[in-house]
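This report refers to the structure that appears directly beneath it.
The values are calculated or read from the model by the stated rules, or taken from the named source; none is laboratory data. This is a predicted model, so every value here is computed, not measured. Reconstructed Cβ throughout: ideal geometry from the backbone, glycine too, with neighbour counts over all protein chains shown. Calculation scope for accessible area: heavy atoms of the full protein, side chains included, ligands and nucleic acids excluded. Shrake-Rupley method; radii C 1.70, N 1.55, O 1.52, S 1.80 Å.
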Amino acid sequence: MTSASAQDAIVVYSGRRLNPFYLLVGPGVLFLVLTLLLPMMAVVVFSFWRTESYELYADWNLENYRVLLTEPAYRTFLFRSFLGALITSILCLLFAWPVAYFIARHGGRYRLLLVLMLAAPFFTGVILRIAALQGILGPGGVINMALGMFGFEPLAALMYTPTAAILGHVYLFIPFMVTAIYLSLVNFDFALLETAKVNGASPWRAFIEVTWPLNWVGTAIGTILVFIPCLASAVTPRFLGGPQSTSIGMSLAQQFGETGTWALGSAMSVILFIVSFLVTAAMGMTIRPKRSGLTRPRTG
(Lines give C-alpha, C1' and ligand atoms only; values in the text may rest on other atoms or scores of the structure.)
Protein backbone atom coordinates (compact mmCIF):
# COMPACT_ATOMS: atom_id res chain seq x y z
CA MET A 1 0.00 0.00 0.00
CA THR A 2 1.39 3.36 -1.00
CA SER A 3 1.57 6.32 1.38
CA ALA A 4 -1.26 8.08 -0.49
CA SER A 5 -3.61 5.11 -0.20
CA ALA A 6 -2.70 4.69 3.47
CA GLN A 7 -3.57 8.32 4.11
CA ASP A 8 -6.90 7.85 2.35
CA ALA A 9 -7.59 4.80 4.47
CA ILE A 10 -7.09 6.83 7.64
CA VAL A 11 -9.67 9.45 6.72
CA VAL A 12 -12.22 7.01 5.30
CA TYR A 13 -14.52 5.25 7.74
CA SER A 14 -17.59 3.16 6.82
CA GLY A 15 -17.39 4.30 3.24
CA ARG A 16 -17.53 7.99 4.19
CA ARG A 17 -14.64 10.45 3.97
CA LEU A 18 -13.94 12.17 7.30
CA ASN A 19 -12.93 15.78 7.43
CA PRO A 20 -9.33 16.01 8.75
CA PHE A 21 -10.39 19.14 10.63
CA TYR A 22 -12.53 17.02 12.95
CA LEU A 23 -9.66 14.59 13.52
CA LEU A 24 -7.50 17.49 14.72
CA VAL A 25 -10.12 19.33 16.76
CA GLY A 26 -11.96 16.31 18.15
CA PRO A 27 -9.49 15.29 20.90
CA GLY A 28 -9.23 18.84 22.21
CA VAL A 29 -13.00 19.29 22.25
CA LEU A 30 -13.45 15.96 24.01
CA PHE A 31 -10.87 16.93 26.62
CA LEU A 32 -12.61 20.25 27.30
CA VAL A 33 -15.99 18.57 27.59
CA LEU A 34 -14.73 15.98 30.08
CA THR A 35 -12.60 18.32 32.21
CA LEU A 36 -14.48 21.63 31.98
CA LEU A 37 -18.05 21.36 30.76
CA LEU A 38 -19.15 18.24 32.65
CA PRO A 39 -17.67 19.35 36.02
CA MET A 40 -19.28 22.77 35.56
CA MET A 41 -22.65 21.17 34.88
CA ALA A 42 -22.21 18.99 37.97
CA VAL A 43 -21.51 22.09 40.10
CA VAL A 44 -24.69 23.72 38.79
CA VAL A 45 -26.72 20.61 39.66
CA PHE A 46 -25.16 20.28 43.13
CA SER A 47 -26.03 23.91 43.88
CA PHE A 48 -29.71 22.93 43.98
CA TRP A 49 -29.12 19.98 46.32
CA ARG A 50 -28.43 19.92 50.04
CA THR A 51 -25.53 18.70 52.12
CA GLU A 52 -25.89 16.78 55.35
CA SER A 53 -23.07 15.13 57.29
CA TYR A 54 -20.61 15.65 54.42
CA GLU A 55 -22.96 13.92 51.96
CA LEU A 56 -24.95 15.31 49.05
CA TYR A 57 -28.66 14.62 48.78
CA ALA A 58 -30.70 15.23 45.63
CA ASP A 59 -33.24 17.39 47.42
CA TRP A 60 -33.94 20.06 44.80
CA ASN A 61 -34.39 23.51 46.35
CA LEU A 62 -33.16 27.12 46.25
CA GLU A 63 -32.07 27.23 49.89
CA ASN A 64 -28.38 27.61 49.07
CA TYR A 65 -29.01 30.68 46.92
CA ARG A 66 -31.35 32.12 49.55
CA VAL A 67 -28.59 31.80 52.14
CA LEU A 68 -26.01 33.47 49.92
CA LEU A 69 -28.29 36.36 48.99
CA THR A 70 -29.70 37.02 52.46
CA GLU A 71 -26.78 36.38 54.80
CA PRO A 72 -24.85 39.66 55.29
CA ALA A 73 -21.52 37.83 55.70
CA TYR A 74 -21.60 36.28 52.23
CA ARG A 75 -22.65 39.55 50.61
CA THR A 76 -19.76 41.25 52.40
CA PHE A 77 -17.30 38.59 51.19
CA LEU A 78 -18.49 38.97 47.59
CA PHE A 79 -18.39 42.78 47.66
CA ARG A 80 -14.94 42.75 49.29
CA SER A 81 -13.62 40.35 46.66
CA PHE A 82 -15.13 42.38 43.82
CA LEU A 83 -13.70 45.64 45.15
CA GLY A 84 -10.28 44.07 45.76
CA ALA A 85 -10.22 42.62 42.23
CA LEU A 86 -11.21 45.99 40.78
CA ILE A 87 -8.48 47.88 42.69
CA THR A 88 -5.91 45.24 41.76
CA SER A 89 -6.86 45.50 38.08
CA ILE A 90 -6.54 49.29 38.13
CA LEU A 91 -3.13 49.17 39.86
CA CYS A 92 -1.88 46.50 37.46
CA LEU A 93 -3.09 48.63 34.58
CA LEU A 94 -1.24 51.71 35.85
CA PHE A 95 2.00 49.81 36.44
CA ALA A 96 1.85 47.52 33.40
CA TRP A 97 1.30 50.10 30.67
CA PRO A 98 4.64 51.93 31.10
CA VAL A 99 6.52 48.62 31.28
CA ALA A 100 4.82 47.13 28.23
CA TYR A 101 5.22 50.40 26.30
CA PHE A 102 8.93 50.58 27.07
CA ILE A 103 9.52 46.97 26.04
CA ALA A 104 7.54 47.31 22.81
CA ARG A 105 9.07 50.62 21.71
CA HIS A 106 12.56 50.65 23.19
CA GLY A 107 13.27 46.96 23.82
CA GLY A 108 14.88 46.47 20.45
CA ARG A 109 16.49 43.09 20.02
CA TYR A 110 16.07 42.43 23.75
CA ARG A 111 12.27 42.58 23.64
CA LEU A 112 11.82 38.82 23.70
CA LEU A 113 14.27 38.47 26.58
CA LEU A 114 12.50 41.19 28.58
CA VAL A 115 9.14 39.51 28.01
CA LEU A 116 10.52 36.13 29.06
CA MET A 117 11.82 37.72 32.26
CA LEU A 118 8.20 38.40 33.19
CA ALA A 119 7.79 34.63 33.52
CA ALA A 120 10.62 34.34 36.04
CA PRO A 121 8.31 34.45 39.10
CA PHE A 122 6.40 31.46 37.72
CA PHE A 123 9.48 29.28 38.15
CA THR A 124 8.36 28.91 41.77
CA GLY A 125 4.99 28.12 43.30
CA VAL A 126 2.42 30.60 44.58
CA ILE A 127 2.98 29.65 48.20
CA LEU A 128 6.73 30.29 47.94
CA ARG A 129 6.16 33.69 46.34
CA ILE A 130 3.67 34.65 49.05
CA ALA A 131 6.13 33.50 51.71
CA ALA A 132 8.72 35.75 50.11
CA LEU A 133 6.27 38.66 50.37
CA GLN A 134 5.77 37.86 54.04
CA GLY A 135 9.51 38.14 54.51
CA ILE A 136 9.42 41.59 52.92
CA LEU A 137 6.17 43.04 54.30
CA GLY A 138 5.97 41.27 57.68
CA PRO A 139 6.51 42.89 61.10
CA GLY A 140 10.07 41.57 61.07
CA GLY A 141 10.42 41.91 57.32
CA VAL A 142 12.96 43.75 55.26
CA ILE A 143 10.98 46.99 54.99
CA ASN A 144 10.18 47.34 58.68
CA MET A 145 13.71 46.35 59.65
CA ALA A 146 15.06 49.09 57.40
CA LEU A 147 12.65 51.62 58.90
CA GLY A 148 13.73 50.59 62.41
CA MET A 149 17.39 51.11 61.53
CA PHE A 150 16.59 54.76 60.69
CA GLY A 151 14.48 55.28 63.81
CA PHE A 152 11.04 55.07 62.20
CA GLU A 153 8.07 53.14 63.53
CA PRO A 154 7.16 49.92 61.70
CA LEU A 155 4.29 50.07 59.21
CA ALA A 156 1.49 47.87 60.47
CA ALA A 157 -0.50 48.29 57.25
CA LEU A 158 2.03 46.26 55.29
CA MET A 159 0.92 42.91 56.67
CA TYR A 160 -2.35 41.16 57.55
CA THR A 161 -4.48 43.96 56.11
CA PRO A 162 -6.56 44.37 52.93
CA THR A 163 -3.74 46.57 51.61
CA ALA A 164 -1.29 43.69 51.92
CA ALA A 165 -3.69 41.36 50.10
CA ILE A 166 -4.00 43.84 47.22
CA LEU A 167 -0.22 44.25 47.03
CA GLY A 168 0.11 40.49 46.89
CA HIS A 169 -2.43 40.24 44.08
CA VAL A 170 -0.66 42.97 42.10
CA TYR A 171 2.63 41.13 42.50
CA LEU A 172 1.14 37.81 41.42
CA PHE A 173 -0.93 38.94 38.44
CA ILE A 174 0.83 41.95 36.92
CA PRO A 175 2.83 39.75 34.47
CA PHE A 176 -0.46 38.79 32.79
CA MET A 177 -1.38 42.44 32.30
CA VAL A 178 2.05 43.39 30.96
CA THR A 179 2.07 40.48 28.52
CA ALA A 180 -1.42 41.22 27.19
CA ILE A 181 -0.65 44.91 26.62
CA TYR A 182 2.75 44.13 25.10
CA LEU A 183 1.22 41.70 22.59
CA SER A 184 -1.11 44.47 21.53
CA LEU A 185 1.65 47.09 21.27
CA VAL A 186 4.07 44.86 19.38
CA ASN A 187 2.00 45.31 16.19
CA PHE A 188 1.31 48.99 16.82
CA ASP A 189 2.71 51.52 14.32
CA PHE A 190 4.53 54.03 16.50
CA ALA A 191 4.91 56.30 13.47
CA LEU A 192 1.35 57.38 14.19
CA LEU A 193 2.61 59.13 17.31
CA GLU A 194 5.09 61.13 15.25
CA THR A 195 2.25 62.11 12.93
CA ALA A 196 0.19 63.24 15.91
CA LYS A 197 3.15 65.23 17.21
CA VAL A 198 3.61 66.95 13.86
CA ASN A 199 -0.04 67.94 13.96
CA GLY A 200 0.43 69.62 17.32
CA ALA A 201 -0.66 66.90 19.74
CA SER A 202 1.11 66.68 23.08
CA PRO A 203 2.56 63.29 24.15
CA TRP A 204 -0.29 62.81 26.63
CA ARG A 205 -2.95 63.67 24.06
CA ALA A 206 -1.34 61.37 21.52
CA PHE A 207 -1.44 58.56 24.05
CA ILE A 208 -5.09 59.15 24.97
CA GLU A 209 -6.35 59.61 21.40
CA VAL A 210 -4.05 57.26 19.47
CA THR A 211 -2.13 54.71 21.52
CA TRP A 212 -4.78 53.90 24.11
CA PRO A 213 -7.79 53.30 21.79
CA LEU A 214 -5.79 51.41 19.17
CA ASN A 215 -4.45 49.04 21.85
CA TRP A 216 -7.62 48.73 23.91
CA VAL A 217 -7.94 45.04 23.04
CA GLY A 218 -4.77 44.17 24.97
CA THR A 219 -5.88 46.34 27.88
CA ALA A 220 -9.28 44.66 28.04
CA ILE A 221 -7.81 41.14 27.84
CA GLY A 222 -5.24 41.96 30.51
CA THR A 223 -7.96 43.34 32.77
CA ILE A 224 -9.96 40.13 32.44
CA LEU A 225 -6.87 37.98 33.09
CA VAL A 226 -6.25 39.90 36.32
CA PHE A 227 -9.78 40.54 37.56
CA ILE A 228 -11.21 37.02 37.37
CA PRO A 229 -8.40 35.21 39.27
CA CYS A 230 -8.41 37.95 41.93
CA LEU A 231 -12.16 37.65 42.35
CA ALA A 232 -11.91 34.00 43.38
CA SER A 233 -8.51 34.20 45.08
CA ALA A 234 -8.21 32.36 48.39
CA VAL A 235 -4.52 31.82 49.12
CA THR A 236 -3.31 35.43 49.01
CA PRO A 237 -6.01 36.90 51.30
CA ARG A 238 -5.49 34.05 53.73
CA PHE A 239 -1.73 34.48 54.13
CA LEU A 240 -1.43 38.22 53.65
CA GLY A 241 -4.81 39.77 54.33
CA GLY A 242 -5.73 38.72 57.82
CA PRO A 243 -9.25 38.52 59.34
CA GLN A 244 -10.41 41.74 57.68
CA SER A 245 -9.67 40.36 54.21
CA THR A 246 -11.83 37.24 54.24
CA SER A 247 -12.90 36.81 50.61
CA ILE A 248 -15.53 34.82 48.78
CA GLY A 249 -12.74 32.53 47.58
CA MET A 250 -11.68 31.76 51.15
CA SER A 251 -15.27 31.02 52.10
CA LEU A 252 -15.66 28.84 49.01
CA ALA A 253 -12.58 26.82 49.92
CA GLN A 254 -13.98 26.37 53.41
CA GLN A 255 -17.26 24.98 52.07
CA PHE A 256 -15.42 22.26 50.15
CA GLY A 257 -12.95 21.69 52.98
CA GLU A 258 -13.55 22.09 56.69
CA THR A 259 -17.35 22.41 56.75
CA GLY A 260 -18.06 19.97 53.92
CA THR A 261 -21.11 21.92 52.70
CA TRP A 262 -20.55 21.11 49.06
CA ALA A 263 -24.01 22.22 47.93
CA LEU A 264 -23.54 25.70 49.37
CA GLY A 265 -20.05 25.84 47.89
CA SER A 266 -21.46 24.86 44.50
CA ALA A 267 -23.95 27.72 44.69
CA MET A 268 -21.12 30.11 45.52
CA SER A 269 -19.21 28.80 42.49
CA VAL A 270 -22.22 29.45 40.25
CA ILE A 271 -22.50 33.03 41.52
CA LEU A 272 -18.79 33.60 40.96
CA PHE A 273 -19.14 32.22 37.44
CA ILE A 274 -22.08 34.55 36.72
CA VAL A 275 -20.17 37.60 37.99
CA SER A 276 -17.08 36.62 35.97
CA PHE A 277 -19.19 36.06 32.86
CA LEU A 278 -20.88 39.46 33.22
CA VAL A 279 -17.51 41.21 33.62
CA THR A 280 -16.09 39.36 30.60
CA ALA A 281 -19.17 40.17 28.51
CA ALA A 282 -18.99 43.84 29.53
CA MET A 283 -15.33 44.04 28.53
CA GLY A 284 -16.07 42.16 25.31
CA MET A 285 -18.68 44.76 24.33
CA THR A 286 -15.98 47.44 24.50
CA ILE A 287 -13.68 45.74 21.99
CA ARG A 288 -16.08 45.47 19.11
CA PRO A 289 -14.34 46.37 15.83
CA LYS A 290 -14.66 49.98 14.80
CA ARG A 291 -14.97 51.30 11.31
CA SER A 292 -11.80 52.72 9.89
CA GLY A 293 -13.61 55.67 8.36
CA LEU A 294 -12.24 54.89 4.89
CA THR A 295 -14.73 55.08 2.06
CA ARG A 296 -14.70 53.03 -1.04
CA PRO A 297 -13.61 55.04 -4.08
CA ARG A 298 -16.20 55.70 -6.68
CA THR A 299 -15.82 54.18 -10.08
CA GLY A 300 -16.95 55.50 -13.37
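Some values worked out for this structure:
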quantity: Between segment 150-189 and segment 244-260, the Cα center-to-center distance that results, in Å; calculated: 24
quantity: Given charges at beta-carbon only (K, R positive; D, E negative), |dipole| of the chain in Debye; calculated: 1260
quantity: Given charges at Cβ of Lys, Arg, Asp, Glu: the chain dipole, positive-most of Leu214, Val126, Ala100; calculated: Leu214
quantity: Accessible surface of segment 70-200 [probe 1.4 Å, protein heavy atoms]: carbon and sulfur percent; calculated: 74
quantity: Accessible area per residue, Å², the chain with all protein chains present, probe 1.4 Å; calculated: 64
quantity: Pairwise FRET efficiency - Arg205 versus Phe95, Cβ, R0 = 22 Å, nearest 0.05; calculated: 0.50
quantity: Alpha-carbon centroids, segment 21-59 and segment 192-238: separation in whole Å; calculated: 36
quantity: Helix-derived mean residue ellipticity, 222 nm - over the chain, DSSP H n ≥ 4, -39500 (n - 2.57), to 500; calculated: -20000 deg cm²/dmol
quantity: GNM top mover of Phe150, Phe277, Phe176 - the chain, alpha-carbon springs below 10 Å; calculated: Phe150
quantity: Distance in nm between pseudo-label sites at Leu278 and Val67 (7 Å out along the Cβ direction from Cα); calculated: 2.2
quantity: Residue among Leu114, Leu214, Leu32 with the largest mean-square fluctuation in a Gaussian network model of the chain, springs linking Cα atoms under 10 Å; calculated: Leu32
quantity: Stretch gain in nm, segment Leu192-Phe150, where the contour uses 0.36 nm per residue and the Cα spacing is subtracted; calculated: 10.2 nm
quantity: Helix runs (DSSP H) in the chain reaching 18 Å along axis by Cα, Kyte-Doolittle at least 0.5; calculated: 20-32, 72-106, 162-185, 216-231, 262-285
quantity: Gained length - Met117 relative to Ile143, 0.36 nm times residue gap less alpha-carbon distance; calculated: 6.9 nm
